[in-house]
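*Asks:* Starting off with a structure, shown below.
The values are calculated or read from the model by the stated rules, or taken from the named source; none is laboratory data. On a predicted model such as this, the values are computed, not experimentally measured, just so you know. Here the Cβ is made from the backbone with ideal geometry for all residues, glycine too, and neighbour counts use every protein chain on show.
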Amino acid sequence: MNCKRSLFFYNSPLGRIAIAENSEAITHLYFNREPGFPGAVPRETALLKEAALQLEQYFAGRRKTFELPLAPEGTAFQLKVWQALQEIPYGETRSYGQIARAVGNEKAARAVGMANNQNPISIIIPCHRVIGADGKLVGYGGGLERKACLLELERRHAHQ
């Protein structure tokens, strides 16, 4: 596997997004910050173009699921949580406790929150769909305002 990363910067309706890939899969997606990948090459590869196109479709309300190869790096628990996040339907939310139960450890809500916070592929792995048990928006690496905008976008287009 070629581990050289490529970076592409996409201007979304919610601000600049950095997308990184390892020549085989998307590894990172961040709002407003440039990931520090030593040796990363800023270039628009076919995979990064496809990711940007799918994000554009998502923001236009025309895409509800992403069809991209993903390669998030994390602990076994984090990977399990991130997989559970991908199973939350478009336009819906789950609490940290519900995700903890989904990964087989109902007492791990706080650990789920930490894994959610470490999600390296925001939006595509939809950590914005996780909310507090009381229904309030809590924690999002891209900021709560962006989280609210993403959830509103999905609510608006969920039944189309």
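*Asks:* Here is a list: Glu106, Glu73, Glu87. Which entry is at pLDDT below 95, surrounded by fewer than 18 Cβ atoms within 10 Å (Cβ to Cβ) and under 16 Å from the mean Cα position of the chain (by Cα)? Quick ask: steps written out before the conclusion?
*Replies:* On the way: Glu106 fails: under 16 Å from the mean Cα position of the chain (by Cα); Glu87 fails: at pLDDT below 95.
Just one listed residue meets the conditions, Glu73.
*Asks:* Let me ask something additional. Could you figure out which of (1) without any contact (Cβ under 8 Å) to a residue 40 or more places away in the chain; (2) within 28 Å of Glu50 (Cβ to Cβ); (3) touching a Lys or Arg at 6+ places or on another chain (Cβ under 9 Å) isn't true of Leu151?
*Replies:* Leu151 satisfies all of (1) without any contact (Cβ under 8 Å) to a residue 40 or more places away in the chain; (2) within 28 Å of Glu50 (Cβ to Cβ); (3) touching a Lys or Arg at 6+ places or on another chain (Cβ under 9 Å) except (1).
*Asks:* Something else: So in the range 35-55, with the set limited to residues that are under 22 Å from Asn117 (Cβ atoms) and touching a Lys or Arg at 6+ places or on another chain (Cβ under 9 Å), which one is modelled with the highest pLDDT?
*Replies:* Across the range 35-55, the extreme among qualifying residues is Leu55.
*Asks:* Taking the conditions exactly as written (assigned by TED's automatic domain parsing to the domain that holds Tyr96, assigned to a helix (DSSP H, G or I) and in contact with a helix residue (DSSP H, G or I) (Cβ under 7 Å, 6 or more places away or on another chain)), does Leu151 satisfy them or not? Before the answer, list the steps.
*Replies:* Working: assigned by TED's automatic domain parsing to the domain that holds Tyr96: yes; assigned to a helix (DSSP H, G or I): yes; in contact with a helix residue (DSSP H, G or I) (Cβ under 7 Å, 6 or more places away or on another chain): yes.
Yes; evaluated as a whole, the condition is true for this residue.
Residues checked against (1) of a type in the set (Val, Ile, Thr); (2) at positive phi; (3) without any contact (Cβ under 8 Å) to a residue 24 or more places away in the chain; (4) in a loop (DSSP other than H, G, I, E, B):
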{"residue": "Glu44", "(1), (2), (3), (4)": "no, no, no, yes"}
{"residue": "Thr65", "(1), (2), (3), (4)": "yes, no, no, yes"}
{"residue": "Leu68", "(1), (2), (3), (4)": "no, no, no, yes"}
{"residue": "Gln83", "(1), (2), (3), (4)": "no, no, yes, no"}
{"residue": "Gly97", "(1), (2), (3), (4)": "no, no, no, no"}
{"residue": "Ala100", "(1), (2), (3), (4)": "no, no, yes, no"}
{"residue": "Asn116", "(1), (2), (3), (4)": "no, no, no, no"}
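*Asks:* Note down all Cβ pairs under 7 Å where the first residue falls in the range 49-61 and is at positive phi, the second is surrounded by 16 or more Cβ atoms within 10 Å (Cβ to Cβ), and they're at least six residues apart or on different chains.
*Replies:* Cβ pairs passing all conditions: Gly61/Leu153; Gly61/His157.
*Asks:* Scan the range 18-34 for residues that are touching a helix residue (DSSP H, G or I) at 6+ places or on another chain (Cβ under 7 Å) and either assigned to a helix (DSSP H, G or I) or at pLDDT below 85 (or both) and jot them down. Break it down stepwise before answering.
*Replies:* Of the residues in the range 18-34, the ones touching a helix residue (DSSP H, G or I) at 6+ places or on another chain (Cβ under 7 Å) are 19, 21, 26, 31.
Phe31, the sole residue that qualifies.
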